[in-house]
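Everything on this sheet refers to the single structure shown next.
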Amino acid sequence: MKNETANNQFEDDADRKGLQGLLGFAQGVLTARAKVQMTMGGGLGVFHEIDIVDLPGVQADCDDGAWIRIARQRETKPPEPAEHVATFLVTSPTDPSRAPQLKDAVSVEVTIEDASDLVEGELVQPGNVHPIVEKGVTVDNRVRATILAKDCPEMRRDFEQYRSGPWAEWAKTEEPVRKSISLYNDPFRINSEIHTSEGTPPELVWGIGIGRWKHKIDRVDPGMTPDEATEPTPTNAAEGKHAPSSFELHSQPRIKQMSFPLDDPDAELEQKIIGPGSTVKLEKIANGGGKMHIILVDGENDPENGYIGTHTPLGQALLDARTGDTVEYHAGSYLREVRVLSVD
């Protein structure tokens with residue numbers, strides 16, 4: 001009889017604690033609905049499953065216990081536009097997230113006879129043909145003609161067909177591949193920032209007890225309770241593995257030091273992507289060659305001091321390029337090429 005009474009008392013206590021926990025959780029949800037306690041910024045990276053789970057080569061919640069597995073992807077180049085269309089493009093159309101754009105005009109150096117043919121064909125206005133003067137002397141039989149895009153209906157038609165046809169089909173397939181490549185690079189970047197940071201090392205947060213997510217579409221109150229919500233330091237957060245044979249990345253929930261074997265000689269990693277703030281070493285392909293160091297900036301262009309604005313032809317061409325890439329850009333009426341030697 002005493003044992004039965006004790007068991008009933010134990011069950012009553014367990015039920016009471018369970019009810020208290022449920023009420024406490026409900027109160028937390030209501031508090032979260034009323035006020036956002038903390039906003040989680042970008043930091044080293046915030047990755048939403050909904051944004052990455054359908055990317056090429058990405059598997060989440062794997063059967064073997066891995067949180068995520070990322071297979072290495074390769075970029076592909078876009079289809080080439082017709083030459084007369086390419087001449088008018090602002091930049092090479094290699095970014096699937098940025099549709100090609102036309103320049104308002106291009107300047108070309110032609111013979112006087114060719115200039116006459118362009119004027120006769122109504123591709124160049126007579127007032128847009130000018131002599132070429134070098135060192136105070138007018139160049140014989142050569143002129144500079146400015147061709148306006150609005151005066152080239154066939155070119156504009158071919159451009160629209162290219163942008164809405166071959167380029168759009170390539171971009172639809174290539175954009176998720178580029179996102180997958182960026183995701184593949186993120187663990188290496190995070191690992192590097194963790195081990196090179198000064199002062200208090202950053203923390204990795206796995207799981208949230210009660211949270212309000214402010215998504216790009218709407219706010220979400222999930223009220224989720226994961227089995228384990230902790231704030232581990234980088235030394236016991238997870239294990240990251242790199243498979244040399246397949247170049248896959250694995251992330252698994254293990255309480256051990258994060259390990260990224262970056263010294264693996266077979267691990268050929270993706271290169272850094274050029275963006276605002278990047279320090280870039282370039283090699284000129286023509287015009288006597290030579291090397292130059294530049295810093296890509298969103299602000300004012302200052303080439304004499306090595307600052308190149310992202311709005312300039314060279315800046316536009318360099319955006320999203322990597323070490324080893326060769327990019328083209330227009331300097332006046334001339335088409336230049338440079339090779340990216342390094343990106344920091």
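The values are calculated or read from the model by the stated rules, or taken from the named source; none is laboratory data. Everything numeric here is computed off the predicted structure, so don't read it as measured data. No Cβ is skipped: glycine too gets one built from the backbone with ideal geometry, and neighbour counts run over all protein chains shown. Ligands, DNA and RNA are excluded from the accessible area calculation, which covers all protein heavy atoms including side chains. Shrake-Rupley method; radii C 1.70, N 1.55, O 1.52, S 1.80 Å.
General remarks:
- Pairs from the table (103/291; 77/179; 77/272; 103/281) lying more than 23 angstrom apart at Cα are 103/291; 103/281.
- Radius 13 Å from Cβ of residue 283, net charge of other residues (Lys, Arg +1; Asp, Glu -1): +3
- By accessible area, using a 1.4 Å probe on protein heavy atoms only, segment 75-140 has 52% of its surface on carbon and sulfur.
- As a calculated quantity, the FRET efficiency between residue 295 and residue 120 at R0 = 56 Å, using C-beta atoms, amounts to about 0.75.
- Whole-number accessible area per residue in Å² for segment 62-107, which is evaluated in the context of all protein chains at 1.4 Å: 57 Å²
- Residue 311 - accessible surface, heavy atoms, 1.4 Å probe, Å² rounded to 10: 120 Å²
- Accessible surface computed residue by residue for segment 270-321, with neighbouring protein chains in place and a 1.4 Å probe, gives 54 Å² per residue.
- Across the options 60, 94, 70, the greatest Cα extent toward the positive end of the charge dipole of segment 60-105 (unit charges at beta carbon of Lys, Arg, Asp, Glu) belongs to 94.
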